[in-house]
Structures are given as C-alpha cells and as structure tokens.
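Chemist: Take a look at the following structure, please.
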Amino acid sequence: SHGNKEVFSCRGILLAVQWFWDRGHKDITVFVPSWRKEQPRPDVLITDQHILRDLEKKKILVFTPSRRVGGKRVVCYDDRFIVKLAHDSDGIVVSNDTYRDLQSERPEWKKFIEERLLMYSFVNDK
C-alpha cells in the first residue's frame, strides 16, 4: 500500500521492517514472490528493487518460488508460507489480507488468524 496501488514500493517493505526492528523485534521475515526480482513491466512498476536484495542478504526477506511454463508465470500460493511460519513461530502476520480461505483449511489457523493478524496503513512514510 506504500505505493498507492500505482507501484510496488520496496521502500514500504523497508519502512515496515524498520518500524518493528526499532521496537526490538529481531525475528522478522518478509515473503515476496520471486518474480519481483525481474525487470519490471510498464504495467507492474516496482521501485527501489535493490532494497529487496539488501533484505535478502540480511536474511530478512525470502523470495517465494515462481517459474515460467509455456511463457506464463506460475506462482506458488505464498499466503500459506506466511501463515504457517507465523503460526509455527508464535509470531504475527502483518498484512491487509484476511486469509479467509486459509481459515477454513485448518482449525488452528482460523483462531491464529483471528487473533494474530495485524492490519496496517501508510501515511506517507509512516
């Protein structure tokens, strides 16, 4: 949301990571689809891609798998990665996604998502 739905703002990810880091949270994992490493298309702009590489080197960011089949991009369902890691590590999920489909997948995930989902919004860089 940092890019106002016009661009994918890697700076927004960095700002969120820094917000938690400044408050003493050091076990932070960011999941981003691996196709975000590719050269951006004019209809899917990405700003400050170098931030993704920097966060990956610091072992904060993990790229979820994707591949091309017959010229089309096939991506994994990264929501499952996010909820599983947060649940297994007794963490929280920072997202504006409600994960409704995953709530019905596992009973323990339903309660976890209801209690551990932190939704957010940006006001400029805050």
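Chemist: Take the conditions under 17 Å from residue 122 (Cβ atoms) and either touching a residue at least 60 places away in the same chain (Cβ under 8 Å) or touching a helix residue (DSSP H, G or I) at 6+ places or on another chain (Cβ under 7 Å) (or both) and apply them to residue 8. Does it pass?
Modeler: Here the answer is yes, as residue 8 does meet what is asked.
Chemist: What helices (runs of 4 or more DSSP H) completely inside the stretch 31-126 contain at least 2 residues that are under 23 Å from residue 8 (Cβ atoms)?
Modeler: Qualifying helices (runs of 4 or more DSSP H): 50-57, 78-88, 100-103.
Chemist: OK, next. Determine whether residue 99 is touching an Asp or Glu at 6+ places or on another chain (Cβ under 9 Å) and not assigned by the TED database to the domain that holds residue 5.
Modeler: So residue 99 fits the description; yes.
Chemist: Just checking, which of 125, 90, 101 is under 18 Å from the mean Cα position of the chain (by Cα), under 25 Å from residue 4 (Cα atoms) and open to solvent by 50 Å² or more (accessible area, probe 1.4 Å)?
Modeler: Going through 125, 90, 101 in turn, just one is under 18 Å from the mean Cα position of the chain (by Cα), under 25 Å from residue 4 (Cα atoms) and open to solvent by 50 Å² or more (accessible area, probe 1.4 Å): 125.
Yes or no, residue by residue, for (1) surrounded by 11 or more Cβ atoms within 10 Å (Cβ to Cβ); (2) at pLDDT below 90:
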residue: 40; (1), (2): yes, yes
residue: 45; (1), (2): yes, yes
residue: 52; (1), (2): yes, no
residue: 59; (1), (2): no, no
residue: 67; (1), (2): yes, yes
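Chemist: Checking the structure you have, find out if any residue of the stretch 13-20 is free of Cβ contacts under 8 Å to residues at least 40 places away in the same chain and over 20 Å from residue 122 (Cβ atoms).
Modeler: Within the stretch 13-20, none of the residues are free of Cβ contacts under 8 Å to residues at least 40 places away in the same chain and over 20 Å from residue 122 (Cβ atoms).
The values are calculated or read from the model by the stated rules, or taken from the named source; none is laboratory data. Quick caveat, the model's predicted, so the values are computed rather than measured. Counting neighbours? That spans all protein chains shown, and the Cβs are built from the backbone with ideal geometry, glycine included. For the accessible areas, the whole protein counts, side chains as well, though only heavy atoms, and no ligand, DNA or RNA atoms are used. Shrake-Rupley method; radii C 1.70, N 1.55, O 1.52, S 1.80 Å.
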